[in-house]
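The next block holds one structure in the form of structure tokens; read it before the comments.
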Amino acid sequence: MKQPVVNGPAGPARSADSLQSQRLAYGQVPPSPNQSAITSFPRMGATPQTPPPQNPGMQPYSPASRPNPPPQPYMAPMSMAAYSRAPLAPMPPGYPGVGGPPPFGQPPGKERKKRRFPIWARVAVSLFLLLLVVVGGLAGYYYFNLATPVSHIVGQQVTRLKGDEDPNASRNGADILSGPRVNILLLGSDTDQKFANGQYLAQSDIVITIDPATRKVGMLSIPRDFYINLPGGGMHKLDEAYGLGGVALSRLTIFQDFGIPINYYAWVGLDGFIKVIDTVGGVDVDALHPITDDNYPDDVGNKTGDINAYKRLYITPGPQHLSGPEALEYVRSRHADLVGDFGRSARQQQVLSALKTKLNNPAIIGKLPEISNDLNGYVKTDMQLTDVLKLLNFARSLDPNSIQRLILGPPYSASGVTPTGESVVYPDCTKITPLLAQMFGLGNNARCNIQANSNNNTSSLASASQPSATPKAIPAASTWQAASQVADIGAMSIGGSSDNLFGFHSLLDLMFMVVFESPDAMQV
Amino acid sequence: MKSYNTTTIGKSLLLLLLALSVQGCLGIGNNNNSSSNGPVGNTITTNSSGNKVSVAQNLFKGKIYFTIDHNLWVTDGSSASRELIHGGNVYDPAVSPDGKWIAFIASFKDFTNLAAIPAGGGPVHILLSGYGHFYNDTGIIKNTYHWFAQPAWSLDGTHLLFLSDLQKDFVWYTLGGVFKNSPFLDLQVFSIPFNNPSAQPQVIAYASYGDGGDRDPSYRPAHPNQTPEIVYTHYAYDQTGTQQVIQVFLADATAIANHPYTYSPVSDSGVPLTPGSVQNIEPAFSPDGNAIVYVRRDTSNQMSLYVMPVPEGVTADPNSPTAEQKALQPYNKSSHILSGQYVSQPVWSPDGKQIVYISYNNSEFDLWLANISYNAKTSAYSLQGNPIQLTSGGIDGDSRPFWTP
């Protein structure tokens, strides 16, 4: 039995869209009074049970050629008794959602349009289309707003200087977390404008060594004031290597002076950390105790030109809002706790937790271009984005207690003054060399060629051209400082959420790993 | 009577779903700006976060001083608020008992100043300046700067308590250990006469070396005939040097002056009112001096306000086991008032019926009011009704408010 076709109530002329929607409804069979009208998605191409008798032609809509139907009186809803008396259409077996009364408000006895797709199907299709639009929009958003900054951050190759061994040459394209040992040089710099032409110092020099075979990780922090030989440049502080020759000279210096071949580097400007914190509107933390520091490095925003200047800190305890510069001071100061890095690690995790809360807010999507610009120019690495993702995921999976850490402060070095009156730190090579040999698996290739003399400048370069010893697993060394004394790298992660924000969480993690470790190299 | 067909309903549903989707994508509806959720009140300024700061009216009596972006503001219970100092990087205002002066801290890079202005307006008087310079002492970088913090008036208004590192270059050779070689950067409690600020500052309470020093000092009110006492937060480490011990201390304000060479940073003149196993901070006396409201760190994500009685007769011999045991007893009678993620800087109203404190909600620090009642039979304090939000839009969380009649 055919169901009557019912015209809708008279109203304003419908748009083409609304008409199209109505046409798509042709073929719909009214639901049974005892069944939900929306039960399951109909099979595509299902033959309508009742062809639309009064709309045979799917003519293009033309308001001029389609007069409004005559006004119809609104009808009161039918009673349930009336529904029960209404004749039902025959229901073929298995056809979903068939039978039932005319829709609410439609007067019975009128001819009714048949719908090819039920409303829920149209909603589903619309949502699918919306999803396509959103995904497409995000892809376009990423391409136009984020891809370029990311391309300026990762894959930043720096040509190696003569004498700098490229350990990647023997890796045969192995994944960063497979194959032989990987050494990554982390450089942290102040990045304000006090140095002309971008000649920054690397105030943080850290080498991370990873043995993929054993999953052992070591972290070497070298004081920025180490007074050593820079290849071709004579005796300088280590932090000046970056200013004189950038990543290339820093990398060569580490190799020449200590025998550590560097596979990858990552450079971070502290201003980037400040900008990210400020972009998200600062962070709110409960400072656990007063922070007093009379020798905090005044290396960010310092307009005096004194690259070795200090500033004083007094951060009050209790809940408070921290701007970018304040947050950096809160996490960097290491003179404020008797327990040293324990306390600093706790502060760093506070800031990361507060930052994570902000980054997990959906509203942060709108700030991604700003964050990408914050990172652009303040984070550079020759790793690819996939390498960074793998590296940081690996770091999160580590047991912090398994990370072996060596800070070349006392007793491995001692403060002193050069003949020109410069305050420096002198390495104690007799103590350092065997530790480096153990930590980096260098064997006899570990060295401490820190003196600038003719033999050193030539022989060290010659030595540098020789391949290093086969990497070995990092042995436990009682002289190494326990990893629990330093920041928990795994906890120093804002990752862990379902969304890595196009890899930006990992890039931010990379930044934090450098920023939070930088004080060790600067202050020991 | 209106009638709708299924197409209309479907469209409505579709539009609703689309609206919800767009809302979710754009984060609409997650209103973090409590200015629209906050109390109905007068908008007084726009803070550095871009939020309009409003103050609810007719909720309290007297005047409350506080800072927004470290500009000094005062608001009273009924009229519009006023900005008293703009651009001074002001912290911790404190009004003299006669209401004529407002002492405060002006903060700069490397140092702070202890200053005061007439309550009715006028020039800033710098009482103590922490300005100095760095210098090289045989390869070691030192400086002559100083910090001052958290001024508090004596009951008669003749003296000011404050925190400072004025003794950072004093070497405690007699104590040995770290005291022998390191500067004492931790802030301690000092006092100066208000009318003669250049006089030698008197140490009122020592700090423990290495954990940042003392905080939140104030005189005990309404006990003019007794030995003047102060309460403060004492930051220290345990004997292993690995665990923080943060306690509320009570001390005889004259002990160090009257008993030279008796007390030192390792033999403090204060006696703890709270146990070392729990971190309790930011004590403030009730107007009658018989109770202390303080903040307890319950967890890393929850703090609570408590009120406890003040023990009597425990400051004369603060390092005796008997006195220490007696001083801790009232802690067990503490009354829980309220809890929140961040709750800080509580201050009593002059009539003792309300407490204003700073609470963290919707990513903002704001002033809230708690109506307090005291049950004489049980000697317990309790919260009456729900806390009331006094400001919205965000004020400074790191500056102590002050309440005057």
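The values are calculated or read from the model by the stated rules, or taken from the named source; none is laboratory data. Owing to the predicted nature of the structure, the values given are computational and were not obtained by experimental measurement. Glycine also receives a Cβ, built like all others from the backbone with ideal geometry; neighbour counts cover every protein chain displayed. For accessibility, only protein heavy atoms count, side chains too; no ligands or nucleic acids. Shrake-Rupley method; radii C 1.70, N 1.55, O 1.52, S 1.80 Å.
Segment B:Val124..B:Thr158, full-extension length gain: 10.4 nm, with 0.36 nm per residue of separation and the alpha-carbon distance subtracted. Summing charges over neighbours of B:Phe66, with a neighbour being any other residue whose Cβ is under 9 Å away from its Cβ, gives 0 when K and R count +1 and D and E count -1. Accessible surface for A:Leu389 stands near 50 Å², nearest 10, in the context of the full protein assembly shown (1.4 Å probe).
The solvent-accessible area of B:Asp98, taken with every protein chain present and a 1.4 Å probe, is close to 100 Å².
Taking all protein chains together and rolling a 1.4 Å probe, A:Lys275 ends up with roughly 80 Å² accessible. Look at the stretch B:209-221: the mean tally of other chain Cβ atoms within 10 Å of its residues' Cβ atoms is 3. The length gained on full extension between B:Val266 and B:Gln341, counted as 0.36 nm times the residue separation minus their Cα-Cα distance, comes to 23.6 nm. R0 = 41 Å: FRET efficiency of A:Gln384 with A:Thr430, Cβ-based, nearest 0.05? That pair, A:Gln384 with A:Thr430, gives E of 0.55. Using the empirical formula 2.2 N^0.38 Å as the baseline, the Cα radius of gyration of the stretch B:113-249 reaches a ratio of 1.17. Peptides A:236-243, A:414-421, ordered by how many other C-beta atoms sit within 10 Å of their residues on average, highest first, read A:236-243, A:414-421. With the highest mean first, a sort of the peptides B:285-296, B:332-343 on other beta-carbon atoms found within 10 angstrom per residue produces B:285-296, B:332-343. Ranked by solvent-accessible area (1.4 Å probe, protein heavy atoms only, all chains present), the residues B:Trp101, B:Trp73 order from largest to smallest as B:Trp101, B:Trp73. Each listed q (0.22, 0.28 Å⁻¹) maps to a log10 I(q)/I(0) for the stretch B:277-330 from the Debye sum over equal C-alpha point scatterers, namely -0.91, -1.09. Listed cross-link partners B:Lys52/B:Lys109; A:Lys275/A:Lys358; B:Lys61/B:Lys377; A:Lys367/B:Lys109; B:Lys333/B:Lys377; A:Lys356/B:Lys109 are compared with a 24 Å cut-off, the Cα-Cα value being larger for B:Lys52/B:Lys109; B:Lys61/B:Lys377; A:Lys367/B:Lys109; A:Lys356/B:Lys109.
Which residues in the stretch A:226-243 place their backbone N less than 14 Å from a point set 7 Å from the Cα of A:Ser415 along the Cα-to-Cβ direction? Only A:226 pass the distance filter. For the stretch A:266-422, carbon and sulfur atoms together expose 54% of the accessible surface, with a 1.4 angstrom probe and every protein chain in place.
Residue by residue along B:132-144, Cβ atoms of other protein chains within 10 Å of the local Cβ number 3 on average. Measuring from centroid to centroid over Cα atoms, what is the spacing of the stretch B:286-310 and the stretch B:340-405 in Å? Result: 11 Å between the Cα centres. Each residue, A:Val135 and A:Ser423, gets one label point 7 Å from its Cα in the Cβ direction; the gap between the two is 6.0 nm. Using a simple spin-label model with pseudo-atoms 7 Å out from Cα toward Cβ, B:Asp317 and B:Gln329 lie 1.6 nm apart. Heavy-atom accessible area with a 1.4 Å probe sorts B:Phe108, B:Phe66, largest first, into B:Phe108, B:Phe66.
At the nearest 100 Å², what buried accessible area, both sides summed, do you get for B and A when the probe is 1.4 Å? In total, this chain pair buries about 4300 Å². Taking a temperature of 20 °C and a viscosity of 1.002 mPa s, what whole-number D in µm²/s does Stokes-Einstein yield for the stretch B:277-405 with Rh from Kirkwood over alpha carbon pairs? Here the translational diffusion coefficient equals 139 µm²/s. Cβ-Cβ distance of B:Phe170 and B:Asp298, R₀ of 25 Å, FRET efficiency by 1/(1 + (r/R0)^6): the value works out to about 0.10. Taking a point 7 Å from the Cα of B:Asn375 along the Cα-to-Cβ direction, the residues of the stretch B:272-312 with backbone N closer than 16 Å to it are B:307-309.
Rounded to 0.05, the FRET efficiency of the B:Val278 and B:Glu83 pair, given R0 = 45 Å and the Cβ-Cβ distance, is 0.70. Relative intensity of chain B on a log10 scale, I(q)/I(0) at q = 0.14 Å⁻¹, equals -1.30, per a Debye sum over C-alpha point scatterers of equal strength in the absence of solvent. The label point for B:Asn195 and the one for A:Arg160, both projected 7 Å from the Cα toward the Cβ, are 7.9 nm apart.
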